[in-house]
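Taking it in order: structure first as structure tokens, then the write-up.
The values are calculated or read from the model by the stated rules, or taken from the named source; none is laboratory data. Since the structure is predicted, the reported quantities are computational estimates derived from the model, not experimental observations. Note that each Cβ is placed from the backbone with ideal geometry, even for glycine, and that neighbours are counted across all protein chains shown. Only protein heavy atoms, including side chains, enter the accessible area calculation; ligands, DNA and RNA are left aside. Shrake-Rupley method; radii C 1.70, N 1.55, O 1.52, S 1.80 Å.
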Protein chains: 2
Amino acid sequence: MGRGWARHNAAVTVTGTAPPGVPAETTRARVERAALDLFTLRGFEQVTTDEVADAAGISRRTFFRYFATKADAVWGDFGAHVARLEELLAGTDPGRPVLESVCAAYVEVNDYAGTELPLLRERMLLILNEPALLAHSQLRYAEVDRVVARYVADRSGATPSDLVPRLVAATTRASATTAFEAWLADEHSALGDQLRQAFTELTRGFPGLVH
Amino acid sequence: MGRGWARHNAAVTVTGTAPPGVPAETTRARVERAALDLFTLRGFEQVTTDEVADAAGISRRTFFRYFATKADAVWGDFGAHVARLEELLAGTDPGRPVLESVCAAYVEVNDYAGTELPLLRERMLLILNEPALLAHSQLRYAEVDRVVARYVADRSGATPSDLVPRLVAATTRASATTAFEAWLADEHSALGDQLRQAFTELTRGFPGLVH
DNA sequence: AGGCTAGTGACACCCGGTGCCAGGGGGCAA
DNA sequence: TTGCCCCCTGGCACCGGGTGTCACTAGCCT
């Protein structure tokens, strides 16, 4: 299937009939699902944007209007995720230690409903195992780091570009990512537990390694 | 200057005459220098591989034989860097605490000679500020993380895929990167000092943030 | 009806990256 | 010297991600 190709179907803008009251699946959501399925099935690099677009019943050009890059189709609405983290941080108890607040916010923002977990697993498996997606992740993490560094700076009377705020942002985020990896590796573990365990190690300075 | 273009010079394989005893600059080194200069001057994305190749007096095709990707031209011989870190870790005193050994190895592997610092600065400024290079960096860091995680696992009787080894690898590396950022931001600071300061904060669990 | 806007598809183009083949030069043996 | 081999190189066509532009259509408002 080459670059210029006749669409073979008259663009089904909505898939089937939505239950009354439930909004019909948006085009964006449909593309996300098609992308995730294809990428999981055959690998991120092995699937072309042409194929994803085709599977979702839109043109390649339209795909790139919904998602700036091929990788973005995997990330869902990550901006909203970051915004929620920012809100959680803004609403923390000022009497609680800074570092503890950051960790708690991370745990809470990643407290997904049970029904969302399979999707999250699929997403994260792709992101952490596909080199192209792993690379892209750094750009997304940078958004998170900025938010956390700003919070730490505000609370500790520093500026977001000082060493400690940056350091807290970078290391807590690294810990969260590692917790995700551990969660993916162990089918039966709870994401929240992995996060708490990772943060405990981090904030205590890895007590088991003093030898 | 389009894709197919007549080379306008008869490939100067060596730049001028090398001082006796000193090996002539290799083609690879010449390409690296050309790439770094052009990227610094006009931005990574704004320079095409065609232009870099042209500036180095080789063809585009040959450029991609020296470097797998455009980004790799910025990273010098990073593999050797990782190998050296691995050797340093292998040669650590078994009586010293694990975490301390990792940090010390990081400091030592980044102990550059004064003459190398300007080049290092240029490289790191690009890597940390150009989105495409920042993304690529994650792939390189993964190599480092594997080495560190394996070391920590060996020393602490765990496996490299356990939480703590991964966690130490991820957080020390995040700290090192943050120290690099701080070093770049402050013209007059020493890289080693920034690294030590970052590791001190990390290993003590950010003592200033208990509030 | 007429006009505005938002979403879409087609198409051409740019650029990073790759497979393939055709030289070309240097070393080595006869 | 001649012939052979091998490595480095350049040219070229191709793939695929990403973008600018234009034309078309469906609504929607007046």
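Numbers for the structure displayed
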{"quantity": "Evaluated at q = 0.10, 0.21, 0.22 Å⁻¹: base-10 log I(q)/I(0), Debye formula over Cα of segment A:75-209", "calculated": "-0.32, -1.43, -1.53"}
{"quantity": "Largest to smallest accessible area among B:111, A:50, B:37 [probe 1.4 Å]", "calculated": "B:111, B:37, A:50"}
{"quantity": "Per-selection Kirkwood Rh - the protein assembly as shown (Cα, Å, 1 d.p.)", "calculated": "24.0"}
{"quantity": "Shortest-first distances to equivalent copies, position residue A:81, nm, label 7 Å out along Cβ", "calculated": "2.8"}
{"quantity": "Accessible area, probe 1.4 Å, largest first, for residues A:28, B:196", "calculated": "B:196, A:28"}
{"quantity": "With DNA, RNA and ligands ignored, accessible area of residue B:156 (1.4 Å probe; Å², nearest 10)", "calculated": "50"}
{"quantity": "For chain A: relative contact order, % (alpha-carbon pairs under 8 angstrom, 6 or more apart)", "calculated": "15"}
{"quantity": "Extension gain (nm, one decimal) between residue A:185 and residue A:64, 0.36 nm per residue minus Cα-Cα", "calculated": "40.3 nm"}
{"quantity": "Accessible-area ranking of B:146, A:204, largest first, probe 1.4 Å", "calculated": "A:204, B:146"}
{"quantity": "Debye, to nearest 20: dipole size of the protein assembly as shown, +1 on Lys, Arg Cβ, -1 on Asp, Glu Cβ", "calculated": "1100"}
{"quantity": "Dipole magnitude of segment B:41-157, debye to nearest 20 (Cβ charges: Lys/Arg +1, Asp/Glu -1, about Cα centre)", "calculated": "260"}
{"quantity": "Segment B:83-149 - convex hull of the alpha-carbon atoms, volume per residue in Å³", "calculated": "95"}
{"quantity": "Span from the segment A:46-68 Cα centroid across to the segment B:40-99 one, whole angstrom", "calculated": "33"}
{"quantity": "Rough spin-label spacing in nm, given labels placed 7 Å along Cα→Cβ, for residue B:77 and residue B:37", "calculated": "2.2"}
{"quantity": "Chain A: DSSP helices with Cα axial extent of at least 30 Å and average Kyte-Doolittle hydropathy no lower than -1.0", "calculated": "A:131-156, A:163-185"}
{"quantity": "Rounded, prolate or oblate (a/c below 1.5 giving rounded, otherwise prolate when a/b exceeds b/c) for segment A:164-211 by Cα gyration tensor", "calculated": "oblate"}
